[in-house]
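As structure tokens, the structure follows; a few thoughts come after it.
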Amino acid sequence: MRLRLTCLTLILYALSAPARAEVAIVLNSGDGTVTRIDRNTYKPIDTFHVGREPHHLMSLPDNSALIVANATSNDLVFLNPTTGDIINRVAHVSDPYQIAFSPDKTWFAANSLRLDRVDIYEAQNFKLLKRFELPSMPSHLAFNQDSTELFVTLQGSDQLAAIDLKALKVKWIIPIGKTPAGVIMTPDGHHLLVGVMGLDEVAVVDWRTATIIKHIHAGSGTHNFMPMGDGRRIFVTNRAEDTISIVDTQTLTIEKTFAVPGGPDCMEISADHKELWVTSRWLKQVTVMSLETFKVLRTIPVGRSPHGIFFASHAPRL
């Protein structure tokens, strides 16, 4: 009887307790911290230490955890994707700057920007399979849709590299333009888009033939990408110009460019497609944009050099 009463009390408490608000998770690279923001009130909840130089983050394939890559503390921290609480830590992951899982969930890749190499791991257990020494400053990465190739921008040598994941060898390296950063596959899988910061453009690459087929002028410091979730359009940040452009991946043209303050970098889109949350690297803030008016809705103070951003109820990544 006492057990039944205890269970009933816990159930009633759970039903009566207020639901915990969804949290936006922001990485403050300059402070080595995470700031949690209440999505409902747009106010910071707290800030806590996570490691040295957390730059990028991504979900596990089953969305059970969010991985934070700490570049100079050489580890991965796993967070609850809804609350931001720390779940686990994996040490001895060498300089993980940018990270990604392959679409088929076989591979986990980590770019080591300061050590000039790319590490390929087994996705299920993070066992290191192969280390590729590459020319200079591997920055961002993207897989093709069938998970047979990995593409890496080489920021220090102005190149784009392709790694054959079946043979585990470098397939090709081509010149791409001054200081390349973000790279993403178009939704139809036909082309790679590369943000070339030094040329203020998106380079369109036919990855099967390793050739640049088009140069799309975007804005000064063209940097990083985020799919809008409609299977066609992709945001790209122009970090030096304080703007974001919309790339139509079917026409390979810029549809619209709008102002976002403070060096816009990483982005997250609300599930209802009404808000775009952007880390403003130079202003120590997150800027929330209306996707109806393309005007600033809110600015939220965070830590130094905010970089990666995530919340669980986001738009589809396509």
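Sub-8 Å Cβ pairs linking a first residue in the stretch 30-54 that is within 19 Å of ASP75 (Cβ to Cβ) to a second residue that is part of a strand (DSSP E or B) and of a type in the set (Asp, Glu), at least 6 apart or interchain, are GLY51/ASP75, ordered by first then second residue. Among strands (runs of 3 or more DSSP E) entirely within the stretch 67-168, having at least 2 residues that are within 27 Å of GLY189 (Cα to Cα), touching a Pro at 6+ places or on another chain (Cβ under 6 Å) and modelled with pLDDT of 95 or more singles out 107-112, 149-154.
Here is a yes/no grid of residues against (1) out of contact with any Leu (no Cβ under 8 Å at 6 or more places or on another chain); (2) surrounded by fewer than 21 Cβ atoms within 10 Å (Cβ to Cβ); (3) under 18 Å from LEU57 (Cβ atoms):
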| position | (1), (2), (3) |
| --- | --- |
| ILE254 | yes, yes, no |
| CYS266 | yes, no, yes |
| HIS273 | no, yes, no |
| LYS284 | yes, yes, no |
| VAL296 | yes, yes, no |
| PRO301 | yes, yes, no |
| SER305 | yes, yes, yes |
| ALA312 | yes, yes, yes |
| ALA315 | yes, yes, yes |
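In this structure, is ALA110 of a type in the set (Gly, Ala, Ser) and surrounded by fewer than 20 Cβ atoms within 10 Å (Cβ to Cβ)? Taking the combined requirement at face value, the residue does not satisfy it. In the stretch 53-66, of all residues being in contact with a strand residue (DSSP E or B) (Cβ under 6 Å, 6 or more places away or on another chain) and not in a strand (DSSP E or B), the one that is farthest from GLY303 (Cα to Cα) corresponds to PRO61.
In the list ASP230, ASP265, which residue meets the criterion of being in a loop (DSSP other than H, G, I, E, B) and within 20 Å of the chain's Cα centre (by Cα)? Of the residues listed, the single one that is in a loop (DSSP other than H, G, I, E, B) and within 20 Å of the chain's Cα centre (by Cα) is ASP230. Among residues that are assigned to a loop (DSSP other than H, G, I, E, B) and within 21 Å of ARG281 (Cα to Cα), GLU241 is included. Are any residues in the stretch 150-170 free of Cβ contacts under 8 Å to residues at least 24 places away in the same chain and over 23 Å from MET197 (Cα atoms), and if so, which ones? Within the stretch 150-170, ASP164, LYS166, ALA167, LYS169 qualify.
Candidates in the stretch 183-223 are the residues that are charged (D, E, K, R) and under 21 Å from the mean Cα position of the chain (by Cα); of these, the one that is surrounded by the fewest Cβ atoms within 10 Å (Cβ to Cβ) is ASP188. List pairs: first residue in the stretch 63-81 and among the aromatic types (Phe, Trp, Tyr), second residue crowded, with 19+ Cβ neighbours inside 10 Å anywhere in the structure, Cβ distance under 8 angstrom, at least six positions apart or on different chains. Listed by first residue and then by second, the contacts come to PHE78/LEU66; PHE78/ILE67; PHE78/VAL68. So is ASP85 surrounded by fewer than 16 Cβ atoms within 10 Å (Cβ to Cβ) and either touching a Cys at 6+ places or on another chain (Cβ under 7 Å) or farther than 24 Å from GLY182 by Cβ (or both) or not? Here the answer is yes, as ASP85 does meet what is asked.
A count restricted to the stretch 171-189 and to residues that are on the phi > 0 side of the Ramachandran plot and either in contact (Cβ under 8 Å) with a residue 60 or more places away in the chain or among the β-branched types (Val, Ile, Thr) (or both) stands at 1.
The values are calculated or read from the model by the stated rules, or taken from the named source; none is laboratory data. Please read all numbers here as calculations on a predicted model, not as lab measurements. Cβ sites come from the backbone with ideal geometry, for glycine too, and all protein chains shown count toward neighbours.
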